[in-house]
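**Student:** I'd like to ask you about the structure that follows.
Values quoted throughout were computed directly from the atomic coordinates according to the rules given, and no laboratory measurement underlies them. Values in this document were obtained by computation on a predicted structure and should not be read as measured data.
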Amino acid sequence: MRSVVFRAYRAVDDRESCEKFVAGHRSVLEAYGITMITSNNANWAAHRNTYVILAESPDDHRALGGVRLQIADDTLSLPIVHAVGKVDQKITDIITRDKDKVIAEACGLWNAKEIAGFGFSFFLLRAAIALAYQLKVHTLYALAAPVTVQMCLNAGFRIETNLGKDGFFNYPKLDLVATAMVINDLKTMEFARDEDRSHIFDLMQNPFNVLKTTGPKGGILIDYRLNVAR
């Protein structure tokens, strides 16, 4: 059985873990020939409204994957604003139209090659949604690659058809397609599959949790440590 710890923290509180996240994410992107991407920098590590879930080996704390949750403010633009804004300026209006709401983005999702195929990306995304709820986020965005669109749909995201060509963009390269996606109500998760919704609600209520499940390559044990204050 493969064991992994999912540990949440505020970026500014753990610089060392942020550096591990950046190095691991960059290595995965470069393996696919992607070097110029908005998430592939460390500006967010000094941003007080960025939170991280780092997937670590329980034995040596080696970084095995992760995802970021960045809350929109006047200090640092959401990655989706930088990415989509190059081809559709409406993204800025959409992000800023509800000033009274807390808006965030789940971004920088990655996992190391050694755990590929176990399904950890699915669980990291679910954990990010649960963390967003804990941080009182109202609207959660994501920019999905083709291979992760269905995963996002299963987890309750919908395609933001008001952007791009029905939600689709050429990003981060002209021969690649990305999809703008959004969850508008984390309290109900009305569009999520029953399985995903149940798992996410469990994490919302129990941010410290150890769950056993089965992925495509066998048994998985995830030690969730998602309790982090805003």
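**Student:** Under the rule of -39500 (n - 2.57) per DSSP H run of 4 or more residues, summed and divided by the residues of the chain, what mean residue ellipticity at 222 nm is obtained, to the nearest 500 deg cm²/dmol? Write out the running numbers ahead of the final one.
**Tutor:** Values: 6 runs with 67 residues, N = 230.
Rounded to the nearest 500, the figure is -9000 deg cm²/dmol.
**Student:** How tilted is helix 120-134 with respect to the longest principal axis of the chain? Cα atoms for both, answer in degrees (0 to 90, nearest 10).
**Tutor:** It works out to around 70 degrees.
**Student:** Would you mind checking the tilt of helix 194-205 against the longest principal axis of the Cα atoms of the chain, expressed as 0 to 90 degrees and rounded to 10?
**Tutor:** Once rounded, one gets 80 degrees.
**Student:** Let me ask you something else. For the chain, modelled as a Gaussian network with Cα springs under 10 Å, which listed residue fluctuates most, 52, 210, 12?
**Tutor:** Its mean-square fluctuation being the largest, the pick is 210.
**Student:** Something else now. To the nearest 10 degrees, how steep is helix 15-31 against the longest Cα principal axis of the chain, on a 0 to 90 scale?
**Tutor:** Helix 15-31 and the main axis of the chain meet at about 70 degrees.
**Student:** Using only alpha carbon pairs under 8 Å that are at least six residues apart, calculate the relative contact order of the stretch 2-225 and give it in whole percent. It would help to have the intermediate numbers written out before the result.
**Tutor:** Working: 417 pairs, mean separation 47.3, N = 224.
Dividing the mean separation by the residue count of the stretch 2-225 yields 21 percent.
**Student:** Using a Gaussian network model of the chain whose springs link C-alpha atoms within less than 10 Å, name the residue from 116, 132, 106 with the highest mean-square fluctuation.
**Tutor:** Largest GNM mean-square fluctuation: 116.
**Student:** Specify the residue with the greatest mean-square fluctuation among 165, 136, 99, computed from a Gaussian network of the chain linking alpha-carbon atoms under 10 Å apart.
**Tutor:** Looking only at 165, 136, 99, the biggest GNM fluctuation is shown by 99.
**Student:** Another question about this same structure. Filter 90/187; 165/212; 187/212 down to the pairs with a C-alpha to C-alpha distance above 30 Å, please. Could you put the intermediate results ahead of the total?
**Tutor:** Values: 90/187 26 Å; 165/212 40 Å; 187/212 25 Å.
In this structure, 165/212 lie more than 30 Å apart at Cα.
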